[in-house]
1. Pairs under 6 Å by beta carbon, first residue within 22 Å of Ala306 (Cα to Cα) and of a type in the set (Asp, Glu) in the range 83-105, partner assigned to a helix (DSSP H, G or I) and away from the ligand (no atom under 16 Å from the Cβ), six or more apart or different chains?
2. For residues in the range 210-224 being within 22 Å of the chain's Cα centre (by Cα) and more than 16 Å from the ligand (Cβ to nearest atom), which is surrounded by the fewest Cβ atoms within 10 Å (Cβ to Cβ)?
3. Can we say Asp36 is touching a residue at least 40 places away in the same chain (Cβ under 8 Å) and not aliphatic (A, V, I, L, M)?
4. Can you pull out the residues in the range 303-315 that are assigned to a strand (DSSP E or B) and touching a residue at least 60 places away in the same chain (Cβ under 8 Å)?
5. Quick one: is Glu42 in contact with a Ser or Thr (Cβ under 7 Å, 6 or more places away or on another chain) and outside the structural domain of Arg288 (by TED's automatic domain parsing)?
6. Can you tell me which of (1) assigned to a helix (DSSP H, G or I); (2) surrounded by 14 or more Cβ atoms within 10 Å (Cβ to Cβ) is the one Asp157 doesn't meet?
7. Does Ser253 qualify as being among the small types (Gly, Ala, Ser) and either under 15 Å from Cys196 (Cα atoms) or in contact with a strand residue (DSSP E or B) (Cβ under 7 Å, 6 or more places away or on another chain) (or both)?
8. For the range 81-108, give me each residue that is more than 14 Å from the ligand (Cβ to nearest atom) and more than 27 Å from Gly392 (Cα to Cα).
Amino acid sequence: MNHSVFRGNLVLPDQILQDGCLVTGDGLIEYVGPWDTCPVEEQQAVRHIKDGWIAPGYVDIHVHGGENADYMDGTTEAVRIANRIHARHGTTTLFPTTTTGTPDQLDRMLHACLSVQENHQISDGARIGGVHYYGPFFAPDKVGCHSLDGRRDPDPDEYIRCFDLGIIQVATCAAELPGAEAFYREASQRGYLVTCGHSNATWNEMASAFEAGMRHVDHFWCAMSSISGIRKQYGFPMQGSMEQFVLMEPEMSTEVIADGEHLSPELLEFAYRMIGPDRLCLVTDANRAMGMPPGKYRFGPNDEGAWFESDGKVGFVSRESLASSVVGMDTMVRNMYENTSAEIHEAIRMATLTPAERVGMDDEIGSLEVGKRADFILLDSILEVKDTFVEGMELER
Ligand SMILES: [Zn+2]
């Protein structure tokens, strides 16, 4: 059997193991522990990482594309291009994320992802864990940069057909839409991570959604309700919003876009301290402008998605409206580590084990643990990704 042995500082979910040993074989992790007790045979080549860390591969539950490909382009080629660039930035499992669009466009996206998932080869880059069915069920006043034409209320005929394809693992719907509760119940019964996003939901709407199985909110503080927004709509007494619901309910999780452009350092620190690394995920929410020069791009399908601009740091529609990120998970982890009091293993947990737990895949991926897939990355001392391994195999960079 073909074993590979790595020596270096291992990033575990609750600590750093200094001078540790990682052994992989047959695509799985076979040993994790101190170097002193490493079961290494004589003559065995050892890759010694003297500076930096050996960490689990990143898991991204909210990602739209990269390198001029959007998953909504609906071709296997676009899916593979995006999966490859994210792997170079440290992601080994991702959840291609739908936007608003026609039922046909969503169908093409789901089938393209299914085909790439079923025929995965190491050269394809990050593996598809499942699809994040995100658009089209957004609130009309919270579509953000997504095309309004492509949004609609949840229709069971449409979403059950999509669910039945067997690739969806995360499902979003705005809680205030007619039919949202039935959507949540169906998605929750199938074991998906059920999320409320692009929504202006009140506390009561969140409470009913929770009852129906909703457990997550997309990109905290972005395209979601606030106390002052709800007051403008419904007057006094002021009511709780999605924000208070997530902060107060321990079974809820959420995610932040930690690119340094969407949220200020104190908001990242607030999210880290108030929500905590066990229920806060880092996501890229990256669009097709990731890895591309500044310019104008389309969000969603390449023939009719809504236009936005990238300045190389972030996507935006106007000064008042951002259009998601243009960087990889490596940047999110680095920002979280540099801008908050989170330890390295906590910043990395938020990009690995926490999302894996939320989607129910933590028995396969998300940490350096014996029996899990040998998906890991080598990081240098400033958290740059030097190498990405999927199932124990090193990706070409
Ligand atoms: Zn998004």
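1. none
2. Phe210
3. no
4. Listed by number, the residues that qualify are Ala306, Phe308, Gly315.
5. Answer is no for this residue.
6. (2)
7. Taking the combined requirement at face value, the residue satisfies it.
8. Passing the criteria: Thr102, Pro103, Asp104, Gln105, Leu106, Asp107, Arg108.
The values are calculated or read from the model by the stated rules, or taken from the named source; none is laboratory data. These figures come from a predicted structure and were not determined experimentally. Glycine gets a Cβ as well: all are built from the backbone with ideal geometry, and neighbour counts include every protein chain shown.
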